[in-house]
Every structure is written in C-alpha cells, then in structure tokens.
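The values are calculated or read from the model by the stated rules, or taken from the named source; none is laboratory data. Because the structure is a prediction, the values reported are computed rather than measured. Methodologically, a virtual Cβ is constructed for each residue, glycine included, from the backbone with ideal geometry; neighbour enumeration extends over all protein chains shown. Accessible surface areas use protein heavy atoms only, side chains included; no ligands, DNA or RNA. Shrake-Rupley method; radii C 1.70, N 1.55, O 1.52, S 1.80 Å.
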Amino acid sequence: MAVERAHECVAKEPVDPLARAKPLPRRLPVAGAPPELVPARMINEVLYCERLLYLEWAQGEFEDNVFTVEGRSVHRRADVAGGELPPRPSGEARGAADEPAAATTSPAKGRRASTKRADADDEADEPAPYEARSVWLSSERLGITAKIDVVEGDASGRLVPIEYKRGRAPDVPGGAYLPERAQLCAHVLLLREHGYTCDEAAIYFAASRRRVSIAIDEALIATTHAAAARAREVTAAAAIPPPLVDSPKCNGCSLVGICLPDETNLLRRLDGEDLDVAVEAKTAKAESPPVEADGSEELEGPLDVDPWGLAGAAGAEARSEDADEQAGAELRRLHPARDDKLPVYVQEQGARIGLAGERLVITSRAGGHTEARLSNTSQVALLGNVQISTQAMRALLERGIPLCFMTYGGYYLGRATGLESRNVELRVAQHRAAADEAFCLSFARGVVVSKIKNARTLLRRNHAAPEAAVLSELDQLARKAPEAPSLPSLLGIEGTAARVYFGAFAGMLKGAGEARGEFDLEGRNRRPPRDPVNALLSLAYALLAKDLATTLGTVGLDPLLGFYHQPRFGRPALALDLMEEFRPIVADSVVVAAINNGVVAPDDFQRFGGAVALRPAGRKKFLLAYERRMDQLVTHPVFGYRISYRRVLEVQARLLARVLLGEVGAYPSFRTR
C-alpha cells in the first residue's frame, strides 16, 4: 500500500526529469598542478628523458620488461624497511627549524653489530655503525622526496646513502651517468636537511658487484635543483614532450611500447600529408626495382626488424636532432613482435578455477586438473557457467590479468580488471573527442574505408574467381566513404559494402559434396545465427571484440565510449570502432581458413530450432584457430616491421591515444595489400 500511495503522489505532482538533471560543464577539466614534492627518481628521469618523466609521473604509465624485473630482484632486500638512523647531531637539525620534513623507517630498529672483534674498552671508544634500509625522507623546503635503498652511518651523524642498480658500473667520469648522480645528490640533500653530515653517496652495481663512490659538489647540487624545477615545469605544462629521435636511450626502455617514439615521429613527419598515398607509394616502391632517389621518396624509410636494438646501440650516439634529417632512417621495432603470454579459455560447464601458489588450477566436473602459470597468462576467459574462487580472482586483479566473461555461445559480456592505466589525461581527451562531431566523422570515415578495402583484399586473395563487378563496387564504395557528409550516410555506405561483400563470401569457401553444402552462405544473419558460417562469424567477432575491449582498457581508453558506434548501455563502442578494419583480415580470415582446412566439420555444429551453434569440441578447435591467427606475424603497412596481430591491436590502440592527446594528426588505419 505504501508503494501504491507513493506512485499516486508522483502521478499527481509530475516533475520534469530535465529539471532534476544536474547540468554538466561544457568544458572538461584539464590536468591539475603537479605534486609539490618531486621524487628523486623523477629527477633521474627528467635528465634522462623528459617524455619518460611525463609518462611515469604525470600520466601514471608503467610497464615491466626483463630489466625492471631484474632490478626489483636486486632491490628485494633493500626494499624491506629495517634498521635505524643514528641520532641527529645536537643543534644541526634543520628540518624542524625551517619547514616540516619527515624521515620514516621500519619500527624494527637495531644497530648493526660491528664486524670487528674488540675488547670492551675498544668498543666503548669506537663509534657503533648504523644501517637503515628503505628510508623515506621528504623536505617541503627542497621540494623533494625520496625512498633511499640503504643508509650507512656512524654515531657522529655522518651518513652515506647507497643506491642499488642492476647493471654494470660504467667507465665514465664521476663514476656514473648524470641522471644517477643527480638522484644520489637528492638523497644527500635530504639527509643534510634532516641534520646529518653527508659528503658523499654510493651506487652498488649488482652486475659488477662493485660499489662506486659519488662525489657531491656545488655543480651537481645546482643541476639537481634545476632538474627538480624542470620536472615540475614539464608536468605542469600538461603536454607530453616529443619523443627522442633515433635515440639509443629507447633501447630496452620498458615504456617503449607505450611511448612508440619512432612511430610517433614518423606520423608527425607525415602530418598534413595523405597517409594512404604515402603508404601506397612505399608499397609500390617495395615491389619495384630499386632506383636512385633524392631522399624525398624515403619518407618512411626502408624498415627493419630489430627486436630491442641492443646490437650496435653504442654506435648510435651520433644522430641528428632534426626530424626532417631522419626521413631516410630505419624505423626500429623496439618492442617485442609477440606477447609470450597466452590466454586461458575455460568452456566446460561446471568447471572451477582455484589458486595454488603462482598457478591457476582448473578442475573439471569429472575431477580432472589443468594448470596455468600466472606469469604465462595474458587473460582468462570464462564461457558460460564456470566458477572462480575469490583467491584466484584476486591474484588476477593484483597482476593486471583481465578476467573476461562470455556466454556459453561466446557472446562477450564484460570483464573484471584491477587498476588499469591511471592516465586520466587520456580519458579526458577521449571524452572531449567524443563530443566533437567533426573528429568522430573523420575517424569513422577512416575505419570504414579500411574495412571495405580489407574486405576487398580478402576476396581477391581467397575467392576462386571474384567478379569484377563486386570488386569494382567495393572500390567505388571505399572512394565514397571519405566524402560521407554524416555518420548516418556513412552507415549506409558500410551497409551496402557489407551486402556486396557477404554476397560473394561463399566463393572463398572450398569443399565438395555434402560438406560444401553445409557451409553455404546466403548473406549475414545473427542473434541467433541460422547457419554454420554465420555461427563461426558471430563467435569470431565476439572474440575480437573481447580482445579489443581488453586492449583498450589496458591502454587507458574507455571501451564503452566510441566515435563511430554511438554509446549504448553495455556496448563496447570503441572496441567495435577499432574492430571494423580487423573484421575481414582477422575474424573472417579465421572462419575461411577453419572451413577450408577442415578445422571444423559439419558435425561440430548443433541446431536448436532455427539457431545454429558450435559444440564444445568444435568451439575448442575454433578457439585454437583464432589464437593461431592472433599470433601470426604480419607486416605493418605504415611502419614496415613484422609483429603479431595481437600486438597490432595494441599498437593501433596506443596510436589512437596519441591522436587524442594531440601528438599525431590522424589515426593511421591498418590496411593490408
């Protein structure tokens, strides 16, 4: 009754829903002021690479590679807080006299016993050494904060900060490179600020097993202060610095796959030109005999494959800082071609996923066990009614491994992830671009053209005898798409191209007799698919949407906010946007290959009324075929190096991020030849 009376009250006094809506500001916020305290690590970064500083400190980006993992191993003991600092010398503490400062160590205190054996009288005269690990110091007056690996000292208040490094000690003046020396200088300044006497620092190089003393002089102190000020200035500008040009510093950098220095520099050089014309010119040149050139045709350059560029990195110091002079330089592939980690699919209904140490344990209803190492897992996909323990889910979230949920038939529902990218600037830029109709239309034109051209390429490669009229019509539609005046008209062009393409799709399927008849196709249908080919297409598209949604989330973009596909409740619109150009060359290609190579057979399907779906055994075989396609190497049409399709998805998503942040003028579509 109470509910009914409430409804009656609402009916008698209607309220305009717009009057209740909270108005949103038209202008989106921009990045705020940088933190007041600059970490000593960022002083190192700003002297090494300002772009690296901005990615790590302003945008919160980070990625592991073999060097960062090895570095954490070297720091595993130093990162455990313990010990204590000696008492401050009387009358020397400046932290309390000036502005507040803090020094933090572990509560577990204890002086380190002297390594020398002496009698009681000698021990009374000899200062007892001190050692503290993971010491966190801050100073508002200096505007610096740092967590020092190890601090050694004596009762007189004389201290030596020690920084652990994984590499070998370089043979350079000063004992180390300037960024490392400035970082140690910041440690020294903080210790002095807290009233201790500190005249030098040290770096322990684990690979050399050598401790190198670092002298602190006035010039280094001035450089350290200037670096701290520059770090604040770069961050406050709210604009990412340009990439280094052909720099050996990029070799082995863990953020090189996020930064994409060579790719960004190339696209910035091409800004204002027709990217498609440039790529076609490069392709034509690659297919023709070499000729003498004046350098202008080599805007993209002959492209090479060099996974990390570590060979010959020492000789790369001599380089030009002018991007125009780098037009003929080789574009390096600085990131790995493939991801060594593999996805885990669990489709058996009633299966359970648990955790045992660093391994996922999948238990079937019959009691069988399958294990997967967390370190080798890129994502976990659950199809249908599969249970996962809280412990296993937490382990996935802590390690940033996405957990994807799909229906038993393969429809993508969503994902559970930990804290992904902290790059709020990118999210703000994405929302701003989504409100820009001109940008949305320009971006949509590009992906539709790529989809039509890639579909035409797939027909030319796989159709036994493609009709000239079909290829001609697809070519004409690809030429019309860039001139579409609005998104609805572009949707019409895309729909017409899909009708033409799927009308000829059956010509790509090979076979004879009854098997060929089972895989006949008369147009596209879905929800539910009514024939085996459409069942395979629907599953392939769902898998591709799942992978792109996961990739976009990792990059820092919102998969739900698209530019071509309009936002709708629960729909990964941006994933569907980027998916358009990959539908023919990834999803459709997997379906054609799976049928032509006999991966799936007619008896792998089951029918329920008018719907058709794969049986579990057939779905497993198709999942393996899809993953083989994603792991296949392909030459990037713009950059020329060979990477897997899964890596291509990440590169394209990160290039879209560069477009949204204003570094690159236009999104470089992926079009095969």
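With every protein chain left in place and a probe of 1.4 Å, what is the accessible surface of Leu178, to the nearest 10 Å²?
The value for Leu178 is about 70 Å².
With every protein chain present, what accessible area does Thr407 have (1.4 Å probe, heavy atoms only), rounded to the nearest 10 Å²?
50
Between Ala229 and Arg422, what FRET efficiency follows from the Cβ-Cβ distance if R0 is 35 Å, with the result rounded to 0.05?
With a Förster radius of 35 Å, E is 0.90.
Could you put Ser389, Ser472 in order of accessible surface area, largest first, with the 1.4 Å probe and the full protein assembly present?
Sorted by accessible area, descending: Ser472, Ser389.
Considering only protein heavy atoms and a 1.4 Å probe, what is the carbon-and-sulfur percentage of the accessible area of region 519-673?
After summing per-atom areas, the C and S share lands at 53 percent.
Under a Cβ-Cβ cut-off of 11 Å, what is the net charge of the residues other than Met579 that fall near it, where Lys and Arg count +1 and Asp and Glu count -1?
Here the charged neighbours net out to -1.
Order Val66, Val533, Val599 by their accessible area, 1.4 angstrom probe, all chains in place, largest first.
Largest accessible area first, the list is Val66, Val599, Val533.
Which order do Lys480, Lys249 take when ranked by solvent-accessible area (1.4 Å probe, heavy atoms of all protein chains), largest first?
Lys480, Lys249
Give the separation of the Cα centroids, region 438-482 to region 579-632, in Å.
23
If you roll a 1.4 Å probe over the heavy atoms of the protein chains, what accessible area per residue do you get for region 177-224, in Å²?
Result: 39 Å² per residue.
Explain nothing, just the number: relative contact order of region 116-260, from Cα pairs under 8 Å at least 6 residues apart, as a whole percent.
Worked out over region 116-260, it gives 18 percent.
List the pair-distance distribution P(r) of region 567-673, using every Cα-Cα distance, as the percent of pairs falling in each 10 Å bin from 0 up to the bin containing the longest distance, rounded to whole percents.
12, 34, 31, 16, 5, 0
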